[in-house]
Amino acid sequence: MTSWNKRREKLKSSAGGRVLLGAASLAYGAGVLARRGLYEAGILPRRKVGAKVICIGNLTAGGTGKTPAVLLAAETLRKRGHDVAILSRGYGREAPSKEVTVLLDGKPVDWRRCGDEPWMIHQSLAGQGVPVLVCPDRAKAGALAVSAHGAEVLILDDGFQHLGLHRDLDVVLVNARDPFGGGRLLPLGDLREPLSAIRRAGVVVVTHADRVTTAELSALRKQLEALHPKVLIVESAHQADHLLDVRTEKKLPLSTLDGKAVVALSGIGDPLSFETQLEGLGAKVAQSWRYPDHHPYAARELKSIEDLRGGLPVVTTHKDFVRLPADWRERLGGEVYVLGIKLELLKGRNGWIDALESLVGARRK
C-alpha cells in the first residue's frame, strides 16, 4: 500500500477525515465535469492525426489489467494485416517531457527513458513490427507514428481521460472484483470520473471475470447495461501464458511452479491477482513482497528479499522485472522467474473482433 493510500485509509477511519475527503471529491468531480464540458463544447480542441484511434482505458485508479488488453488489441489487428502503433504517456520515465521516445524492433532503448509499461509492451510485441511511441503529448506521438512509421491504427494506452486526442473507439476495462472503486470519486473513492462517463465507451471489457461468482458477474452486467444499454460487454480473464527464467532467458512450462514454494515480488496495481495466478499454477506463495505501482527497486530492497527468502525462487512480473537494479544478478541468487500474462476472452470474442474490424476494415496482407 502506498503512503498516500495509508493516509487516505487513516482519514476514512474518522468522521472528520471522511468529510474532508468527501469535500475534496466534490471539488475534483466539479473539475472533471467542467473539463469534459469544455471538450464537448469545442472550446478545448480534440486533435486528429490521420489514423484510426482505439483507446484502452478505465474509470478507476488502480489495476484493471490494461497492458494485456493493449497487447490483445495490437495482436488482433496485426493478425488481420493492419499497421499498428501504440501511444503511451510513459509514467515515471526519465526523458524531457516533450520528447517522443520511439521503441522499435532491433533498436534497444533503456526502460528509464520510456517507462516500465511501454518497455514491457514493446518486449511483448517484439518481432511483430509494432512501434511504441512514448510522450505525454499523445497527439504529437500519434502524428509521428503516422508520418514516420506508416501507422493506420493507433492504440492509446490508458487514455480514457486523455480527451485532447480524437478517438474512434473507446474500450473501457472494468475489474469484476472492484468494478467502480467504491462508487465514489477520488480521493474518497477510486473513480477517476463519474460513472456516466462509461457512456463514451464502445466496448466494455470486464476483467477478472473468472474471479467472481456467476451471480456477481450477472449483477455487474446489469449495472453496466443500465449505465449504457447499447454497449458491447466482453468478459475476460488474465491467464498465465509462460514462465521465463531470466537468468537463462529460456521459457519454461508453467508446470515448473507446481508444488513449489515461491516468493512473489510485485509493484503493480493489483498484486492479489498476480499472487492468485501463482497459486492457480500450483505454487505455494510463502512470501509476498508488495510495493507501490511503478516502484523502482533499490539495491537495499533486493538485499532484504535475499536475506529473508530462504533460498526460495523469486517470481515477479514483466513490469517489475524491468525495474530491478542493473546488478540484480548479484543481488538475487538462485532461481528468478517472470510470469507472463495474457488476456483471454471468455465471452464476446467475436464481438471484440467485429468491433475492431468494423472500425478499420477487414484486411489481410
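Over the chain, DSSP H runs of length four or greater, each weighted -39,500 (n - 2.57), average out per residue to a 222 nm ellipticity of -10500 deg cm²/dmol.
In the chain, with Lys and Arg counted as +1 and Asp and Glu as -1 at Cβ, which of these residues, 30, 134, 153, has the Cα nearest the positive end of the dipole, that is, farthest along it? Of the options given, the answer is 30.
Amide hydrogen proximity for residue 156: with H placed 1.01 Å from N in the peptide plane, the residues at 5 or more positions away or on another chain lying under 5 Å are 54, 55, 56, 87.
Among the trypsin sites (Lys or Arg not before Pro) in region 270-314, none is located in a DSSP loop while being surrounded by at most 10 other Cβ atoms within 10 Å of its own Cβ. Rounded to the nearest 20 debye, the dipole magnitude of region 248-334 is 160 debye, with +1 charges on Lys and Arg beta carbons, -1 on Asp and Glu beta carbons, and the Cα centre as origin.
Residues whose amide H falls under 5 Å from that of residue 173, counting only those 5 or more places apart or on a different chain, are 57, 58, 59, 205, with hydrogens built in the peptide plane. Region 149-169 and region 1-56 have Cα centres lying 20 Å from one another. Can you tell me how region 46-160 classifies by the Cα gyration tensor, rounded, prolate or oblate, using a/c under 1.5 as the rounded cut? Here region 46-160 falls in the rounded category. Which whole DSSP H helices in the chain pass both tests: a Cα extent of 27 Å or more along the axis and a mean Kyte-Doolittle value no lower than 0.5? Span-like helices here: 15-40. Along the axis of the charge dipole computed for the chain (Cβ charges of +1 for Lys and Arg, -1 for Asp and Glu, origin at the Cα centre), the listed residues 19, 318, 289 are led at the positive end by 19.
DSSP bridge analysis restricted to the chain gives an antiparallel fraction near 30%, rounded to the nearest 5. Loop-located GluC sites (Glu not before Pro) across region 220-318 with a Cβ neighbour count of 12 or fewer within 10 Å are 249, with loop assigned by DSSP. Simple point charges give the picture: +1 on the Cβ of Lys and Arg, -1 on the Cβ of Asp and Glu, and for the chain a dipole about the Cα centre of about 860 debye. Under 17 Å of direct C-alpha separation, and excluding same-chain neighbours fewer than eight residues apart, residue 48 reaches these lysines: 140. Using the average count of surrounding beta-carbon atoms within 10 Å as a protection proxy, the listed peptides 8-16, 107-115 rank, highest first, as 107-115, 8-16.
Of the trypsin sites (Lys or Arg not before Pro) found in region 210-250, those that fall in a DSSP loop while having at most 16 other beta-carbon atoms within 10 Å are 230, 247. Using only the Cα atoms of the chain, build the gyration tensor, take square roots of its eigenvalues as a ≥ b ≥ c, and label the shape rounded, prolate or oblate: rounded if a/c is under 1.5, else prolate if a/b is larger than b/c, else oblate. Because its axes are fairly even, with a/c under 1.5, the chain counts as rounded.
Placing unit charges on each Cβ (+1 for Lys and Arg, -1 for Asp and Glu) gives the chain a dipole about its Cα centre, and among 85, 280, 120 the Cα reaching farthest toward its positive end belongs to 85.
Bear in mind these aren't lab numbers, they're just calculated from the coordinates by the rules spelled out. Note that the coordinates shown come from a computational prediction; the quantities given were computed from them, not determined experimentally. Every residue, glycine as well, gets a Cβ built from its backbone with ideal geometry; the counts of neighbours run over all protein chains shown.
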